[in-house]
Every structure is written in structure tokens, then in C-alpha cells.
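FYI, it's all coordinate maths here, none of it is from the lab. Since the structure is predicted, the reported quantities are computational estimates derived from the model, not experimental observations. Here the Cβ is made from the backbone with ideal geometry for all residues, glycine too, and neighbour counts use every protein chain on show.
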Amino acid sequence: MRSLLAASFLFLLTACSSAEDKNEKDKTKKERETAKLGIGDAAPPLKVDHWLNGAGPSEFERDKVYVLDFWATWCGPCIHMMPHLAELQREYKDQGLVVAPVTTTDDRNPMAAVSGFVRQQGPKLGLAFAVCNTEDTYRAYMRAAGQNSLPTSFVIDKAGKVAYIGHPMNLDSVLPKVLAGTWRGREDADALMKETEELEVILSTADEKPADALKALTGFETAHPDRAKQSSYQWNKLILLVQAKKFDDAKALTETLIPKMIEKKQAGALNDVRLLWSDDKLNPGRKNIDLAVRAAEASRTIAGEKDPSAMFAVADASFKAGNKAKAVELTEQAIELAKEDDLKKFLKEQLFKFQK
């Protein structure tokens, strides 16, 4: 079974393109090599039919930097990256950053699904969503750049030129330099791709040889100190520490990450911490299980005290920490608050488990 570490990293990179066969991947590579739109080129006009959850840009203004993130409702990694995109918008807004998720409606990604997602998540994210009813913008960006995997982000610099094309998980490395005017275009983009591939190789070995992967990660940190400071890297390191049974080191890192997640209101990231420490395969002895409870409670505070999913997260962590009464009480309350039938059914099943 693929490790949680490798899965979390590779899921973000490849899940929405996993259906490609070798011929399709070869075709994609060729398309990128002959792409009409590349780094340094003028950004095509942004043609949008609807803006949801606020008004977005009608054109690219000078002295502003834009992130156009192409996504779809069926793309798991796209949805997973949304909170981080929102975090980047908040962090760099005063420096002129504008983040705009862009999607094209079709049979697989209907308007009802798009509007439903934005209605539910938009207020939390604080982003204006661009919706296109035709493929004009998709063709102008994605196809012209030889891209066919989602999510894909395009960074437009202050001069209105394309500065970066690639996965949004790398924006932490890209945006500070683009905003400061120190991004070197293709040179930096190629170096970033090489760095990401190096990290991917290390993490892909974690399942069979976690100790060796951890040692290699130390070398990676020395070679790439800026990358080692990023939250996505810290998360991967935390999973690897737990997988390698370095529970004391993992606890220390978790205790530095939780306050940062709380400050940035990262409810999803806190829930991931809860899931990590309460994972029966990675942590069968339930070492430091109090961290799972702490993360779950913090996530609930951010999501809302009466959010049924967040309530269950606290209940599940509490149960694994030995507090059966609290688990039962919170799950019963969550059932009363849940509106979706599927969620109610799930919660009732979990309540039965807690009561056994």
C-alpha cells in the first residue's frame, strides 16, 4: 500500500491526470514542447461569462500580479488546494496579488455543481470565481500552453506577462519573487521543476524505507533551505517523521505547526493533523494522541462550533484518546445538526461504533 506521505504528495501532483496512458502523456509532452504560450509571453485576455462570490478582474492591471488557477469540481487536488490559494490571497493582497480560480462548464463540470461549490465554500475562501461557458479562455491558456492536467496555475506578472505555468503547490516559491520583481522566468521555473522532481523521488521511497527517506530529506533541506520553510514541505516532513516512528520529533514539529495553522485559520490542515495522529496504521500505539484532540478542537473553532463534520472530528479524536462519553455526546449532537442524509447515515454508524 502506498504510504500516506507519498500519497498525499503524489495525489496533489497527479490525481487529475492519472487516467492518462503513456501515449497521452507523450502527446502532452510534445504539446508542451511546441506550445504557443510560454513563460515571458504576454498573457491572453481573460474572457469570463460569470463571476461568482464577488467581482473579478476584467483586465490585467499594471503593478498587480495575478494567479489564474484552472480547476473543476470533479478534481480532488483542485479542491484540496483552494484553502491554500485563499491563504496566499490574504497574505499578499496588500502587495497587489489577485487570485482567481477559473473553471469551464461542461457535462462533467455543470454550472449547478460549480455554483453549489462556490455557494458553500466561497464565503470561507474569500475568492471571486471565474466561470466560462465556452472554451475560449481554456484554449487561450491551457491548450496554448500544452497543459491538460488540473489544477494548473498561471502567474501573470506586473508587466502583464506569463511568469509561471504549473501546479499551484509551487506558488509559495514563485509568488514572493514575482511580487518582488526578482523572478528570472524560465531559469527559475526550470530550477523549481527539478527541485520538485527531486522531492517527489525522495517521498516516493518513504513507504518501504522511511528512515532512508528521512535521511535524504535532511540533505534536501540543506540544498533547498527556502523550500524547507514552506508549510507544504513541513507537512510532508511531519508525515514522514510519524511514518519513521520518530514520534518525539513529530510531536515537536506538530507543536510548531498547530499555532501557525490556527493563526491562518486552516481548518482543513488542522483536521489533517488530527487524521495523521489518529491513524491506526501509522500510530498504532496512539502516541501523543492528545495532539489529535487539540488539532480537532482548533479546527472546530475555525469551522464553527455547530459544524457537524467538525464536531465529529473532535468526537473521533476524543474516542481514540479514551474519552468515550465525549465522543458519544458530540456525535449525537452532530446527528441533530446534520442536514445531508449521507452525513447523518455516516454519523449514526460512527455513533454505534462509539457506543459498543
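Structural remarks
- Annotation: amide H of VAL99 within the under-5 Å range of VAL67, sequence separation 5 or more or interchain, hydrogens built in the peptide plane.
- Gain upon complete extension [GLU91, GLU332; 0.36 nm per residue less C-alpha separation]: 83.0 nm
- Modelled spin-label separation between LYS246 and GLN234, with each label point placed 7 Å from Cα along the Cα-to-Cβ direction: 1.6 nm.
- Cα-only Debye scattering, the stretch 112-229: base-10 log of I(q)/I(0) at q = 0.10, 0.11, 0.15, 0.22 Å⁻¹: -0.45, -0.54, -0.90, -1.24
- Integer Hz, Karplus 6.51/-1.76/1.60 couplings in order for the stretch 192-199, x for Gly and Pro: 5, 5, 5, 4, 5, 5, 4, 5
- Summary of packing: across the peptides 114-127, 58-71, the per-residue average of other C-beta atoms within 10 Å ranks them, highest first, as 58-71, 114-127.
- For THR152, the amide hydrogen comes within under 5 Å of the amide hydrogens of PHE70, counting only partners 5 or more places away or on other chains and with H modelled in the peptide plane.
- Phi-based couplings in Hz for the stretch 346-352 (Karplus 6.51, -1.76, 1.60; Gly and Pro marked x): 4, 5, 5, 5, 5, 4, 4
- Modelled label positions at ASP226 and ASN133, each set 7 Å beyond Cα in the direction of Cβ, lie 4.3 nm from each other.
- Debye equation applied to the C-alpha atoms of the stretch 245-355, log10 I(q)/I(0) at 0.13, 0.14, 0.15 Å⁻¹: -0.46, -0.53, -0.61
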